[in-house]
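*Asks:* The structure follows.
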Amino acid sequence: SQQGEEDPQALSIQEGENATMNCSYKTSINNLQWYRQNSGRGLVHLILIRSNEREKHSGRLRVTLDTSKKSSSLLITASRAADTASYFCATDQTASKLTFGTGTRLQVTL
Amino acid sequence: EPEVTQTPSHQVTQMGQEVILRCVPISNHLYFYWYRQILGQKVEFLVSFYNNEISEKSEIFDDQFSVERPDGSNFTLKIRSTKLEDSAMYFCASSGSLFFLGGNTEAFFGQGTRLTVV
């Protein structure tokens, strides 16, 4: 697998449900960042978790990091139609380079 | 809230022409980056820039590409002779610190420039 692979590739849920996306990576990291991208638009920074952190919250977002398994998860609680977007994890493969995953396309329906 | 701004939002150019994509990073950031995303594909790293020189570049960033910080605010990506396969969304980003250091290591991205080479 490549550095930074998300699963599932696509996720469809109903408004109000929780959405969980996972990211796996191969090399050791210092930080892992999650981004959102609306179709054809820019990358919006959501949250950063450091390698010495296990869990972090920001509003309806909860991110976990398991460095022993080289994986992270992003949980969006009480999803809204406006959460419909692609979500990417990005790892710092070097000091000055982020490597992005393949992304999870989230569709939240009313 | 401070943000990274990119211009133009769309650029159509003929194959072989030179293009310059412009970016204004967040003002107190010191590290600058260019990424690109071919339609439907992953976001790919092109180059990082610090202290007026390239810190790191990818295999994609060949001699056709160059970056410059011509003044205290702008950061540009130049493609000297565009090819059809250069068609992509180009993102500029900036961060306050290197990713291996503590502190302000979040990378913030602009809205992108959609480059179409015809």
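The values are calculated or read from the model by the stated rules, or taken from the named source; none is laboratory data. Remember, predicted model here, so these are calculated numbers, not experimental data. In this analysis, Cβ positions are derived from the backbone assuming ideal geometry, glycine residues included, and neighbour counts consider all displayed protein chains. These area figures cover heavy atoms from the full protein model, side chains too; ligands, DNA and RNA do not enter into them. Shrake-Rupley method; radii C 1.70, N 1.55, O 1.52, S 1.80 Å.
*Asks:* Exactly one of (1) modelled with pLDDT of 95 or more; (2) within 12 Å of the chain's Cα centre (by Cα); (3) hydroxyl-bearing (Ser, Thr, Tyr) is unmet by residue B:31. Its number?
*Replies:* Tallying (1) modelled with pLDDT of 95 or more; (2) within 12 Å of the chain's Cα centre (by Cα); (3) hydroxyl-bearing (Ser, Thr, Tyr), residue B:31 fails exactly one: (1).
*Asks:* Still on this structure, please answer the following. Taking residue B:69 as meeting all but one of (1) open to solvent by less than 60 Å² (accessible area, probe 1.4 Å); (2) of a type in the set (Lys, Arg); (3) in contact with a Ser or Thr (Cβ under 8 Å, 6 or more places away or on another chain); (4) closer than 30 Å to residue A:6 by Cβ, write down the number of the exception.
*Replies:* The failed condition is (4).
*Asks:* Every residue in the stretch B:12-53 that is in contact (Cβ under 8 Å) with a residue 40 or more places away in the chain, among the charged types (D, E, K, R) and exposed (fewer than 13 other Cβ atoms within 10 Å of the Cβ), please.
*Replies:* Scanning the stretch B:12-53 gives a single hit, B:18.
*Asks:* Restricting to the stretch A:27-43, what's the tally of residues that are touching a residue at least 40 places away in the same chain (Cβ under 8 Å) and surrounded by 15 or more Cβ atoms within 10 Å (Cβ to Cβ)?
*Replies:* 10
*Asks:* Hand me the list of strands (runs of 3 or more DSSP E) wholly inside the stretch A:29-109 holding 2 or more residues that are at the interface with another protein chain (Cβ under 9 Å from one of its Cβ atoms), under 23 Å from residue B:114 (Cα atoms) and touching a strand residue (DSSP E or B) at 6+ places or on another chain (Cβ under 8 Å).
*Replies:* In the stretch A:29-109, A:31-37, A:43-50, A:85-94, A:97-100 are the strands (runs of 3 or more DSSP E) which contain 2 or more residues that are at the interface with another protein chain (Cβ under 9 Å from one of its Cβ atoms), under 23 Å from residue B:114 (Cα atoms) and touching a strand residue (DSSP E or B) at 6+ places or on another chain (Cβ under 8 Å).
*Asks:* Scan the stretch B:88-97 and tell me whether some residue there is buried (at least 17 other Cβ atoms within 10 Å of the Cβ) and either touching a helix residue (DSSP H, G or I) at 6+ places or on another chain (Cβ under 7 Å) or among the acidic types (Asp, Glu) (or both).
*Replies:* So far as the stretch B:88-97 goes, no, none of its residues is buried (at least 17 other Cβ atoms within 10 Å of the Cβ) and either touching a helix residue (DSSP H, G or I) at 6+ places or on another chain (Cβ under 7 Å) or among the acidic types (Asp, Glu) (or both).
*Asks:* For the stretch A:52-66, indicate whether the set of residues that are free of Cβ contacts under 8 Å to residues at least 60 places away in the same chain, open to solvent by less than 20 Å² (accessible area, probe 1.4 Å), farther than 23 Å from residue B:4 by Cα and not aromatic (Phe, Trp, Tyr) is non-empty.
*Replies:* Checking the stretch A:52-66: at least one residue is free of Cβ contacts under 8 Å to residues at least 60 places away in the same chain, open to solvent by less than 20 Å² (accessible area, probe 1.4 Å), farther than 23 Å from residue B:4 by Cα and not aromatic (Phe, Trp, Tyr).
*Asks:* While we're looking at this one, here's another question. Within the stretch A:1-28, track down each residue that is assigned to a strand (DSSP E or B) and over 15 Å from the mean Cα position of the chain (by Cα).
*Replies:* A:12, A:13, A:14 - these are the residues of the stretch A:1-28 that are assigned to a strand (DSSP E or B) and over 15 Å from the mean Cα position of the chain (by Cα).
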